[in-house]
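Everything on this sheet refers to the single structure shown next.
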Amino acid sequence: MKDTPGWASPGSAPSDGQEPDSSGAAQPTEQPSDQGGTDQPEPPSKWSKEQPPPGQWSAPSPQGPGQAPPPPPPGPGWGGRPPGGHGGHGAQGGGYTGWGGPGRGYGGPIGPGGWGGNWGGPPPAAKPGVIPLRPLGVGEILDGAVSTMRTYWRTVLGISLTVAVVTEIAVILLQGFVLDDSASTDALNDPSATVGELSRALGDTLLNSGVVLLITLLGTIVATALLTSVTSRAVLGKSVTTAEAWRDARPQLPKLFGLTFLLPLIAVAVVAVGTLPGVLAAVAGAGDAGITLAVIGGLGAGVVALWLMIRFSLASPALMLEKQGVLKAMSRSAKLVRGSWWRVFGIQLLATIIANIVASIVVIPFAFLAAALSGDGVTGLLSSGSGSLGWTFLIVSGVGSVIGSMLTFPITAGVTVLLYIDQRIRREALDLDLARAAGVQDYGSDTPGTTPGS
C-alpha cells in the first residue's frame, strides 16, 4: 500500500557480506583465519552515504529450528488504535466495518482472535438514554419502550393513567345514560325478530360501538402525542414533565387528529373500491358470481389497505417530531419504510400482539368480576356477549380497561417512536445528530464520510 501512514521504506538490503554498524556505516565482516590477517583491499561500499538514523532498520536474525516465524507486517489500515468514538454501522445494521473497508478492522481483517486480532471487539456505541445510538434490533426496540416506562415511570404512567381515566369516564357515562343497547342485544338474540327489528338493532349497535371507538381513538391520539415527546427525550437521556410534554405536543394535535382520521378513511375507501365491482354485479343479477367477485375484490383490496397502513405507520412520529404537515408526514413515513416494509410490519405486529396480551391479562379478569358482581354471573356474560350494562358492571370493567390502557399506551407509542428513530439512523445517520444533542463528545468525529444507511 502506498502512502500508508506510519510506514517508511528501510532502504536497500545489505550485500556482499557487509552489515551496518550502529552509526549506519558499512563494516566489512571478519575474514577467515586461514588468510592470516593479510590486508585485503576494501571493496567499494554499496551503501548510500546518507543512512537512516539508528533503530529504523536492523538486519534480520537467523531463524533457528523450531522457532516461530516473525509476525507478518501489519496489513493495510491506520496502523494504530484510533481514539474511541463513533461506533459505525453498515447497511441494515450489518457487521461493523470499521475504517479499513467492508469486513476489516482498524489494522486488518477481523480474525478469530478478536477485533483486528488484538482489540477484542468494536468500541461500544454511545448510549446516553434508553437505546444505543446505532441500528437497533427487535429486542432493543421493545426493551427501549419498556425502559422508557420504567425509567420515567412518573411521567409515562401519569400521562397514560390520566388519558385512560378521562376516556373511560366518558365511555361509562355515555353507555350508562345514552347508549343503552340492551334492547338491541335482545332483538339480535331473538330468533323470531323481524327484519326491520334486526336492522334497527344492528344500526343501534354499530352506532354505539362507533361512538365508543371514537372516544377511545381520541384518547389514544392524545396519549400517543404526549408519549412521543417523552420517548424522544428518553433517547437522549433527558427527562420531561407532563406539562412540558403537553406544551411540546399541543401545536401538532390538530394535525395528528387529521392524520389519525385520514388513514382509516383511506383504508375504507380502498376496500370499498375493491368490493364495488362485485356488489354492482350482484345487484345487476349476477347472483353468486357477483358475491364471489365482491369477496375476492375485498380480500385483494384488504391486502392493499394493509400495505398502505404499514407504509404510513411512521407518519405520526414524523408529524410530531419533525413538526410536519399531514401529507408531508405521510410522505416521510413512506420514504422511511421503503425497502423495509416486512421488517416494520413484523415489529408493529409483534408490539400489537404483546400489547393485546398484556391488556387481556388485565381486562378479562375484571370483565368476569364485573359480570359476577352485577348479578348475571359468568354464565350471563358468556351467553349475552356483553353482560348487563348496569353501573356495577360498567364501573368494575372500566377499572380493568383503565389499568390495561395505562400499560399498553407506553408500549405501542414507544415502539412506534423507536422504530421511526431506528429507520432514520439506518437511512439518515440520525445517531450523529442525537449524539450531539445528548452532549456526547467527539461522537463520530473519527469516521470519514457519511455513516452508511440501508
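Please go through segment 328-354 and pick out each residue that is farther than 26 Å from Lys255 by Cβ and of a type in the set (Val, Ile, Thr).
Taking segment 328-354 first, the residues farther than 26 Å from Lys255 by Cβ are 339, 342-343, 346, 349-350, 353-354.
Correct list: Ile353, Ile354.
What pairs come up if the first residue lies in segment 379-407 and is within 30 Å of Val146 (Cα to Cα), the second is at pLDDT 55 or above and among the charged types (D, E, K, R), and their beta carbons are under 8 Å apart, counting only those six or more places apart or on different chains?
Here the result reads Gly398/Glu168; Ser401/Glu168; Val402/Glu168; Ser405/Glu168, each pair linking segment 379-407 to a residue that is at pLDDT 55 or above and among the charged types (D, E, K, R).
Can you pull out the residues in segment 134-173 that are farther than 22 Å from Val402 by Cα and either acidic (Asp, Glu) or in contact with a strand residue (DSSP E or B) (Cβ under 7 Å, 6 or more places away or on another chain) (or both)?
Glu140, Asp143
Per-residue answers, yes or no, for (1) under 26 Å from Thr216 (Cβ atoms); (2) over 27 Å from the mean Cα position of the chain (by Cα); (3) without any contact (Cβ under 8 Å) to a residue 24 or more places away in the chain:
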{"site": "Trp246", "(1), (2), (3)": "yes, no, yes"}
{"site": "Gly278", "(1), (2), (3)": "no, yes, yes"}
{"site": "Ile291", "(1), (2), (3)": "no, yes, yes"}
{"site": "Gly298", "(1), (2), (3)": "yes, yes, no"}
{"site": "Gly302", "(1), (2), (3)": "yes, no, no"}
{"site": "Ala305", "(1), (2), (3)": "yes, no, no"}
{"site": "Phe312", "(1), (2), (3)": "yes, no, no"}
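Looking at segment 423-442 only, could you name the residues that are part of a loop (DSSP other than H, G, I, E, B) and either in contact with a Pro (Cβ under 6 Å, 6 or more places away or on another chain) or farther than 18 Å from Leu136 by Cα (or both)? Write out each step before concluding.
Keep residues of segment 423-442 that are part of a loop (DSSP other than H, G, I, E, B), which gives 429, 439-442.
Listed by number, the residues that qualify are Gly439, Val440, Gln441, Asp442.
Within segment 200-219, is even one residue surrounded by 20 or more Cβ atoms within 10 Å (Cβ to Cβ) and either at pLDDT 85 or above or closer than 30 Å to Val440 by Cβ (or both)?
Within segment 200-219, the first condition is being surrounded by 20 or more Cβ atoms within 10 Å (Cβ to Cβ), and the residues that meet it are 201, 219.
Now narrow it down to the ones that are either at pLDDT 85 or above or closer than 30 Å to Val440 by Cβ (or both): 219.
Looking for residues that are surrounded by 20 or more Cβ atoms within 10 Å (Cβ to Cβ) and either at pLDDT 85 or above or closer than 30 Å to Val440 by Cβ (or both), one finds at least one in segment 200-219, hence yes.
The values are calculated or read from the model by the stated rules, or taken from the named source; none is laboratory data. Everything numeric in this text was worked out from a predicted model, so none of it was measured. FYI the Cβ positions are ideal-geometry reconstructions off the backbone, even for glycines, and counts take in every protein chain you see.
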